[in-house]
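Have a look at the structure below, then the notes.
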Amino acid sequence: PEVVSQRRLPSRQRFFGDLSQCLFDFVIQLLPTESEVQVKEDVRRLLERLIRTIEPSSRLLSFGSTANGFSLRNSDMDLCCLIDSDERLSASDLVTMLGDLLERETKFHVKPLPHARIPIVKLSLDPSPGLPLGIACDIGFENRLALENTRLLMCYAMIDPTRVRTLVLFLKVWSKRRKINSPYKGTLSSYGYVLLVIYFLVHVKNPPVLPNLQQMPPLRPISKEDTHVAGYNTWFFDDVELLRTRWHSENNDSVAELLVDFFRYFARDFSYNTGVASIRAGFLKKASKGWQNDLSSRFHDSRERNRLCIEDPFELDFNVGRCVSKDGIYTIRGEFMRASRILANRPERAVIALAELCA
Ligand code: GTP
Ligand code: MG
């Protein structure tokens, strides 16, 4: 009976139904296994114990995908060391000392980068039977804004876990397979793609799929000390349990419909030349932020930096897409067009469309 009723649906609806199901199935098999999650937590604890031999009051916290619900199998670990004491070593001294210690005490390959713009220790572990793909991990210091933006993304994921997580995880896989997920090579970070998805669900879709957590009225008055981290306002409505009882999206689009619209919007409608995608404030003009990529500008650097403009949710003067080069934006946009074209044809079998998308 299932099959018969499916056949009676108009082809458009049937395609979206099939594609949504394929997207869930596809994403589920790419989630980290329970044992991977456990191993990573064990590694975090081990590293925390070691760091405390240098700085007894330190805590080592996860951020990025391992902490925000957008983790894929074998994604790297982003760790942040917080030190609850006023007399602490500088980040670069800590990086050097921690690098030496980890080299002596663990099996990790260790690469301390004490003089980087943000000093970090890079660690990796070779593959082993329990960890067939090894582990890659970065430890940074006092990056409280990253902890906050991780929490913001996690709250967005929790409001509508099925649609938000499926879309984000699919786009992460797709952008990695299509090789447009490398800030070092002029394309966009995972963090940038996640912000684009949330921007689309909050500000482009009408009715919206997600509320704007940064613009909701707070439940009680809040003071500046409570909201500011490193000089930036990081307040957002984070009582997701309450939100689930009070806020309800009028938008009932399936995951597949949202994905098709997402690709079409970024292939065709988003104004790359003049616009800034902001999850906090919606579509902004580059001019209003001083982010023009004016070709007559004398500052070669600043113009290279602002081809694709995505405002960080808290560091408003920071363009998360700053690494995207001229070639990079051409390639990324070309990929949005390609994906849009594949899906617009509504191939007979959704699973084939998906394979072709990520081929
Ligand atoms: P995968 O590692 O690909 O699984 O993705 P991820 O979700 O961990 O994202 P990514 O590694 O790109 O970034 C990890 C975290 O670092 C993000 O959640 C942010 O907290 C922080 N981060 C990354 N890039 C930036 C950036 O350009 N600006 C700021 N402020 N934070 C960033
Ligand atoms: Mg990461």
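Restricting attention to segment 326-358, which residues are of a type in the set (Val, Ile, Thr), more than 12 Å from SER175 (Cβ to Cβ) and in contact (Cβ under 8 Å) with a residue 60 or more places away in the chain? Result: VAL351, single match.
Conditions tested, residue by residue: (1) assigned to a loop (DSSP other than H, G, I, E, B); (2) modelled with pLDDT of 95 or more; (3) within 22 Å of LEU196 (Cβ to Cβ); (4) not assigned by TED's automatic domain parsing to the domain that holds LEU195.
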position: ARG220; (1), (2), (3), (4): yes, no, no, yes
position: GLU225; (1), (2), (3), (4): no, no, no, yes
position: LEU243; (1), (2), (3), (4): no, no, no, yes
position: ASP253; (1), (2), (3), (4): yes, yes, yes, no
position: LEU258; (1), (2), (3), (4): no, yes, yes, no
position: PHE262; (1), (2), (3), (4): no, yes, yes, no
position: TYR265; (1), (2), (3), (4): no, yes, yes, no
position: ARG268; (1), (2), (3), (4): no, yes, yes, no
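Right, ARG44: among the charged types (D, E, K, R), within 16 Å of ligand 1 (Cβ to nearest atom), over 30 Å from GLU356 (Cα atoms) and in contact with a Leu (Cβ under 7 Å, 6 or more places away or on another chain) or not? Write out each step before concluding.
Values: among the charged types (D, E, K, R): yes; within 16 Å of ligand 1 (Cβ to nearest atom): yes; over 30 Å from GLU356 (Cα atoms): yes; in contact with a Leu (Cβ under 7 Å, 6 or more places away or on another chain): yes.
Against the criterion (among the charged types (D, E, K, R), within 16 Å of ligand 1 (Cβ to nearest atom), over 30 Å from GLU356 (Cα atoms) and in contact with a Leu (Cβ under 7 Å, 6 or more places away or on another chain)), ARG44 qualifies.
Is it fair to say ILE180 is assigned to a strand (DSSP E or B), crowded, with 20+ Cβ neighbours inside 10 Å and out of contact with any Pro (no Cβ under 8 Å at 6 or more places or on another chain)? No, not satisfied.
Within segment 307-316, restricting attention to residues that are part of a loop (DSSP other than H, G, I, E, B), of a type in the set (D, E, K, R) and within 15 Å of GLY275 (Cα to Cα), the residue that is nearest to ligand 2 (Cβ to nearest atom) is ASP312.
So which of ARG45, ARG14 ends up being closer than 29 Å to SER128 by Cα and among the basic types (Lys, Arg)? ARG45 is the lone residue from the list that is closer than 29 Å to SER128 by Cα and among the basic types (Lys, Arg). In this structure, VAL164 does not satisfy being touching a residue at least 60 places away in the same chain (Cβ under 8 Å), within 14 Å of ligand 1 (Cβ to nearest atom) and assigned by TED's automatic domain parsing to the domain that holds ARG338. Somewhere in segment 4-22, is a residue modelled with pLDDT of 90 or more, loosely packed, with under 12 Cβ neighbours inside 10 Å and not hydrophobic (A, V, I, L, M, F, W, C)? No, that holds for no residue.
Filter segment 83-129 down to residues that are more than 20 Å from ASP42 (Cβ to Cβ) and polar (S, T, N, Q) and give me whichever is surrounded by the most Cβ atoms within 10 Å (Cβ to Cβ). Top of the filtered list is THR96.
Evaluation of PRO132 against the conditions (1) closer than 29 Å to ALA353 by Cβ; (2) more than 16 Å from ligand 2 (Cβ to nearest atom); (3) not hydrophobic (A, V, I, L, M, F, W, C) shows that the sole unmet condition is (1).
Could we say that ILE310 is surrounded by 14 or more Cβ atoms within 10 Å (Cβ to Cβ) and in contact with a Gly (Cβ under 8 Å, 6 or more places away or on another chain) here? Here the answer is yes, as ILE310 does meet what is asked.
Across segment 158-173, the qualifying residues are those that are crowded, with 20+ Cβ neighbours inside 10 Å and of a type outside the set (Lys, Arg), and the one among them that is farthest from GLY321 (Cα to Cα) is THR166.
The values are calculated or read from the model by the stated rules, or taken from the named source; none is laboratory data. Everything numeric in this text was worked out from a predicted model, so none of it was measured. We place every Cβ from the backbone using ideal geometry, glycine too, and count neighbours over all the protein chains shown.
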